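S.K.: My questions all concern the structure below.
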Amino acid sequence: MQLTKENQSIWLASSHIDFRKSIDGLCAIVQDQFDMLPHEGVFIFYNRARNRIKILLWHNNGYVLVYKRFEAGKLFLKVTEDQKILLNPDQLNWLILGVDWLTLSGNNSCNYKEFS
């Protein structure tokens with residue numbers, strides 16, 4: 001299953017959440033903090049220790065909640081309260097992998113030149 005659809009916004013929460021929240025609680029956070037409807041994008045949440053993430057998204061006929069626990073290391077974050085962070089699909093993949101997604105960019109192209 002592909003997590004995101006083409007042209008779908010991917011949002012990262014600006015502060016940690018109570019990880020006891022499930023789909024309904026996360027939908028309420030999306031409406032309150034993001035001022036959006038939960039089916040309008042992909043929403044990423046993290047815990048206080050930044051070693052777990054939850055990803056909420058709408059898929060065809062229902063919500064999907066993805067949960068990841070990092071066995072080593074922490075989520076790379078440099079955010080301030082009330083800041084909405086828009087990610088691109090590459091940054092989402094890097095974030096899930098536990099890579100420092102803030103310093104990577106998917107916009108650089110590499111040109112191959114054949115040497116003779």
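S.K.: Given the criteria among the hydrophobic types (A, V, I, L, M, F, W, C), farther than 24 Å from residue 7 by Cβ and at pLDDT 85 or above, does residue 70 qualify?
M.R.: Criteria met by residue 70.
S.K.: Looking at residue 20, is it in contact with a Lys or Arg (Cβ under 6 Å, 6 or more places away or on another chain) and either at pLDDT 90 or above or surrounded by 16 or more Cβ atoms within 10 Å (Cβ to Cβ) (or both)?
M.R.: No; evaluated as a whole, the condition is false for this residue.
S.K.: Taking into account only those residues within the stretch 30-54 that are among the acidic types (Asp, Glu) and in a helix (DSSP H, G or I), which is nearest to the chain's Cα centre (by Cα)?
M.R.: 40
S.K.: Can you confirm whether the stretch 62-77 contains a residue that is among the β-branched types (Val, Ile, Thr), exposed (fewer than 12 other Cβ atoms within 10 Å of the Cβ) and in contact (Cβ under 8 Å) with a residue 60 or more places away in the chain?
M.R.: no
S.K.: Out of all the residues in the stretch 30-61, which are surrounded by fewer than 16 Cβ atoms within 10 Å (Cβ to Cβ) and basic (Lys, Arg)?
M.R.: 48, 50
S.K.: In the stretch 100-116, is there at least one residue being surrounded by 13 or more Cβ atoms within 10 Å (Cβ to Cβ), part of a loop (DSSP other than H, G, I, E, B) and at pLDDT 80 or above?
M.R.: Within the stretch 100-116, none of the residues are surrounded by 13 or more Cβ atoms within 10 Å (Cβ to Cβ), part of a loop (DSSP other than H, G, I, E, B) and at pLDDT 80 or above.
The values are calculated or read from the model by the stated rules, or taken from the named source; none is laboratory data. Everything numeric here is computed off the predicted structure, so don't read it as measured data. Neighbour counts are summed over all protein chains in view; Cβ atoms, including those assigned to glycine, are modelled from backbone coordinates with ideal geometry.
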